[in-house]
Amino acid sequence: KKLNVLKVFDICIFGLLIGQIIGRWGNFVNTEAYGSITDLPWGMVVKNPESVLTVHPTFLYESLWNLVGFIGLLIYRKHKKSDGEIFLLYIAWYGIGRFWIEGLRTDSLMFLGTRVSQLVAVLTATAAIVWWLVLRFKQMRK
């Protein structure tokens, strides 16, 4: 159909973000993917066979992070200079958020003392920011 893939990605990101905003609440319903113990007033109470814990509600953090990203990208789309910018900014935004949220989680996959998900988040966010900067500089030269 000869569609511009980057333009399609820019459009589809909004639906993906809405799905992530809503979908994270499944972690709350299933009492899974929560963070470490906290004494913050908005901590989530988790009951397990041994005890009752108050933990970081990482599902809520990610849901709110994605909501802010959704609003930010809606505002930014009026200022984009080339196709693919919205997609790249989503990748960067999501990577930064995942890095922060995964630091609070207790069920992370570790490799050589590093959380794999945090490493992937940093790499993808960095690559997206570099690619976005390249696109912007190309547009400035034109």
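The values are calculated or read from the model by the stated rules, or taken from the named source; none is laboratory data. The structure displayed is predicted, hence computed values, not measured ones. Please note: Cβ atoms are built from the backbone with ideal geometry, for glycine as well, and neighbour counts cover all protein chains shown. Areas reflect the complete protein model, heavy atoms only, side chains present, ligands, DNA and RNA absent. Shrake-Rupley method; radii C 1.70, N 1.55, O 1.52, S 1.80 Å.
If you go through the stretch 66-90 and pick out every residue that is buried (at least 20 other Cβ atoms within 10 Å of the Cβ) and under 19 Å from Val5 (Cβ atoms), you end up with 7. Taking (1) part of a loop (DSSP other than H, G, I, E, B); (2) of a type outside the set (Phe, Trp, Tyr); (3) more than 30 Å from Trp132 (Cβ to Cβ) in turn, Ala33 satisfies each apart from (3). Taking each residue of the stretch 35-57 that is of a type in the set (D, E, K, R) and looking for partners that are assigned to a strand (DSSP E or B) with beta-carbon atoms closer than 7 Å, six or more apart or interchain, yields Asp39/Thr54. Residues of the stretch 99-111 that are open to solvent by less than 40 Å² (accessible area, probe 1.4 Å), in a helix (DSSP H, G or I) and free of Cβ contacts under 8 Å to residues at least 40 places away in the same chain: Glu102 alone. The sole residue among Leu74, Leu40 that is hydrophobic (A, V, I, L, M, F, W, C) and either out of contact with any helix residue (DSSP H, G or I) (no Cβ under 9 Å at 6 or more places or on another chain) or not in a helix (DSSP H, G or I) (or both) is Leu40. Among (1) free of Cβ contacts under 8 Å to residues at least 60 places away in the same chain; (2) aliphatic (A, V, I, L, M); (3) outside any helix (DSSP H, G or I); (4) within 23 Å of Leu123 (Cα to Cα), which single condition is Leu64 missing? It is condition (3) that Leu64 fails.
Give the residues of the stretch 112-142 that are hydroxyl-bearing (Ser, Thr, Tyr) and open to solvent by 70 Å² or more (accessible area, probe 1.4 Å), sorted by residue number.
Thr126
For the stretch 31-53, indicate whether the set of residues that are surrounded by 11 or more Cβ atoms within 10 Å (Cβ to Cβ) and within 13 Å of the chain's Cα centre (by Cα) is non-empty. No, that holds for no residue.
Figure legend. Inter-residue proximity from the stretch 129-142: first residues farther than 12 Å from Gly84 by Cα and assigned to a helix (DSSP H, G or I), second residues among the basic types (Lys, Arg) and open to solvent by 70 Å² or more (accessible area, probe 1.4 Å), beta-carbon distance below 8 Å, spacing 6+ or different chains. Indicated pairs: Gln139/Lys81.
Inspection of the stretch 72-80 finds a residue satisfying the criterion of being within 29 Å of Ser108 (Cα to Cα) and in contact (Cβ under 8 Å) with a residue 60 or more places away in the chain.
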